[in-house]
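First comes the structure, then the notes that go with it.
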Amino acid sequence: MSVLLACDFDAADWAAWRPALQAALPGERLLLPQDLAAQPALREDIDVAIVANPPPGLLAGLPRLGLIQSLWAGVDRLLADPTLPAEVPLARMVDPAMNTAMAETALWAVLTLHRHFHLYARQQRAGVWQALPQLRADEIKVAVLGQGQMGGTVMHALRQRGYRAAGWRRGEPLEPVLADCRIVINLLPLTADTRGLIDAAFLARLPARASLVNLARGAHLVEADLLAALDAGQIAHAVLDVFHQEPLPPTHRFWRHPAVTLLPHAAAQTDPRSAARIAAAGIRAWREGRTVPNQVERSRGY
Ligand code: GLV
């Protein structure tokens, strides 16, 4: 039996992933999509696929496939492929190293917005010397949308730094969480229910001059509605890591908008050193007939 690696990695990614996966999966035969193209009979041999944005349709042609292990925490793109075999268990990546990286990004964004470091950077470019009002962390309420692995870690990190963090999970009333908040951080999974959640109506429920931090998926946000709210000054600033189209097209207004800070989908990258071991542990569990951790509930979408 063989393990298929179906990952949209570039050469630098592979240089890190190949040795990590080989070390974590000793004795496993690792195949790439190009091996299957060269030798189609190898498809019969694959029982596990490790995936990161696999080409749509690829997993449907594997008759013995018994487990799909994602290297991404979010599996929305996988689930959007209608040819994904419905009966094969799918596990997502849950890695404490990723949760920590996400908490670092969230803290950076909150510290920046709270202490106006983004405005000082702007002032420096304009040659302006002016201190701005300095609030305490316990005067800043941060709403955290999503209370899973990442949302939970972010809540904890914010509370440790003294912020008032209020968490929201789907199905709960949103008003009390958004009331009085200065900053909203989105860490929800992308599902049919959460797609487009952050639209004009959502933004209008935020206190005037609140800021938005989107670290989850671009499709949670209606980008035109955010631009309108930023242009109107209703939303003070947005920190965005994810976009409808990635890479963000060069002509997109977000690139040069003075009230936008953007990252290239880098808030929490999968770390091959830890994630290869986590993927290997899931594969071992499956081979030994034990429960594979972090399986996706497809009806739920994450
Ligand atoms: C990154 O966005 C991930 O889902 O792992």
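With +1 on each Lys and Arg Cβ and -1 on each Asp and Glu Cβ, how big is the dipole of segment 96-262 about its Cα centre, in debye rounded to the nearest 20? Please report the intermediate quantities before stating the final value.
Values: 17 positive and 13 negative charges, 83 e Å.
For this selection, approximately 400 debye.
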Considering amide H positions built from the backbone, and no H for Pro or chain starts, which residues 5 or more places from residue 46, or on another chain, come under 5 Å of its amide H? 2, 64
Can you compute 3J(HN,Hα) from phi for each residue in segment 242-253, using the Karplus curve 6.51 cos²θ - 1.76 cosθ + 1.60 with θ = phi - 60°, rounded to whole Hz and x for Gly and Pro? 9, 9, 4, 10, 10, x, 4, x, x, 8, 5, 5
Kindly express, to the nearest 10 degrees and within the range 0 to 90, the angle between helix 272-287's C-alpha long axis and the longest C-alpha principal axis of the chain. 50
Among 123, 249, 184, which residue has its Cα furthest toward the positive end of the charge dipole of the chain, with +1 on Lys/Arg Cβ and -1 on Asp/Glu Cβ? 123
If you average the C-alpha positions of segment 129-204 and of segment 26-93 separately, how far apart do those two centres end up, in angstrom? 35
Let me know the charge dipole size of segment 98-170 about its Cα centre in debye, to the nearest 20, where only the beta-carbon of Lys, Arg (+1) and Asp, Glu (-1) is charged. 140
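All other residues with a Cβ under 11 Å from the Cβ of residue 52 taken together, and with Lys, Arg as +1 and Asp, Glu as -1, what is their net charge? Walk me through the intermediate numbers first.
Details: positive: 77; negative: 8, 13.
Residues near residue 52 contribute -1 overall.
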Starting from a Cα-only point model with no solvent, please compute log10 I(q)/I(0) by Debye for the chain at q = 0.08, 0.09 1/Å. -0.40, -0.50
Sum of -39500 (n - 2.57) over DSSP H runs of 4+, divided by residues of the chain (222 nm, nearest 500): -9500 deg cm²/dmol
What percent antiparallel are the DSSP beta bridges of the chain, to the nearest 5? 5
What residues qualify as long-range amide H neighbours of residue 144, i.e. H under 5 Å apart, gap of 5 or more or another chain, H built at 1.01 Å from N? 166, 167, 168, 185
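If you average the sequence gap of Cα pairs under 8 Å that are 6 or more apart and divide by the length of the chain, what percent do you get for the contact order? Could the numbers behind the result be given before it?
On the way: 505 pairs, mean separation 55.6, N = 302.
Normalised by residue count, the contact order of the chain is 18 percent.
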Range of Cα positions in segment 96-262 per principal axis (Å), largest first: 46, 38, 32
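Charges only on Cβ, +1 for Lys and Arg, -1 for Asp and Glu: so what's the dipole of the chain about the Cα centre, in debye to the nearest 20?
Working: 30 positive and 28 negative charges, 166 e Å.
Computed charge dipole of the chain: roughly 800 debye.
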So how long is each side of segment 170-302 along the principal axes, counting just the alpha-carbon atoms, biggest first, in Å? 58, 37, 22
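We did not get these values from a lab; they are worked out from the coordinates using the rules stated. Note that the structure is a prediction, hence the values are computed from the model and not measured. So basically every Cβ, Gly included, is an ideal-geometry build from the backbone, and we count neighbours across all protein chains shown.
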